[in-house]
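To start, the structure itself, in structure tokens.
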Amino acid sequence: MKNKTNNSLFEQHGITYREINGVFIPNIELPEQKEIGRFGLQHEIWLKTHHHLRHSLLLGLGELNEYLYQVDKEANEMYESLIIDYAKAEGVNEHLKAMDQMKWVQMMKNIEHRAKEIVEAEVIFQ
């Protein structure tokens, strides 16, 4: 059924146009995009590879950025918490750092690696 006013769908919803080189372009603004960190980007790659339909749906609905931001935020909070807990449990502290920096670095790298693996298993690849 044809619209009696012959307005485009954009005009019917109150969207205005601007003309650039004889082409009318709708004045549409995208929602603000939040900064996505390494865990959020890693999850996006996993989504594209293993859940392409879900990725496409979130993208089409304009919800992908917010979703990835929340995943990244949750993953970072878990990562930081695990590092603190492991360091405390294993005695990796400022005293050790002052006494034997190489041992402290080695132990912290080991803790960071374990924390990353847990975050990936429980948050990123889910």
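The values are calculated or read from the model by the stated rules, or taken from the named source; none is laboratory data. None of these values were measured; they are calculated from a predicted model. All Cβ positions, even for glycine, are placed from backbone atoms using ideal geometry, and neighbour counts span all protein chains on display.
Data table
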read-out	value
Some residue of the stretch 56-71 being acidic (Asp, Glu) and either on the phi > 0 side of the Ramachandran plot or part of a helix (DSSP H, G or I) (or both)	yes
Residue that is farthest from the chain's Cα centre (by Cα) [pool: residues in the stretch 25-43 that are part of a loop (DSSP other than H, G, I, E, B) and either of a type in the set (A, V, I, L, M) or under 18 Å from residue 118 (Cβ atoms) (or both)]	28
Test: residue in the stretch 20-35 that is surrounded by 12 or more Cβ atoms within 10 Å (Cβ to Cβ) and in contact (Cβ under 8 Å) with a residue 12 or more places away in the chain	yes
Residue 50 out of contact with any Lys or Arg (no Cβ under 9 Å at 6 or more places or on another chain), under 18 Å from residue 70 (Cβ atoms), at pLDDT 80 or above and not charged (D, E, K, R)	no
Extreme residue, nearest to the chain's Cα centre (by Cα), among residues of the stretch 95-125 that are among the basic types (Lys, Arg) and either within 11 Å of residue 83 (Cβ to Cβ) or surrounded by fewer than 12 Cβ atoms within 10 Å (Cβ to Cβ) (or both)	116
Test: residue 91 is under 28 Å from residue 109 (Cβ atoms), of a type outside the set (S, T, N, Q) and loosely packed, with under 10 Cβ neighbours inside 10 Å	yes
Within the stretch 44-85, considering residues that are more than 8 Å from the chain's Cα centre (by Cα) and charged (D, E, K, R), the one farthest from residue 119 (Cα to Cα)	63
Some residue of the stretch 70-84 being surrounded by 14 or more Cβ atoms within 10 Å (Cβ to Cβ), under 17 Å from residue 35 (Cα atoms) and among the basic types (Lys, Arg)	yes
The stretch 93-126, residues that are touching a residue at least 24 places away in the same chain (Cβ under 8 Å), within 30 Å of residue 54 (Cβ to Cβ) and in a helix (DSSP H, G or I)	112, 114, 115, 116, 118, 119, 120, 122, 123, 124
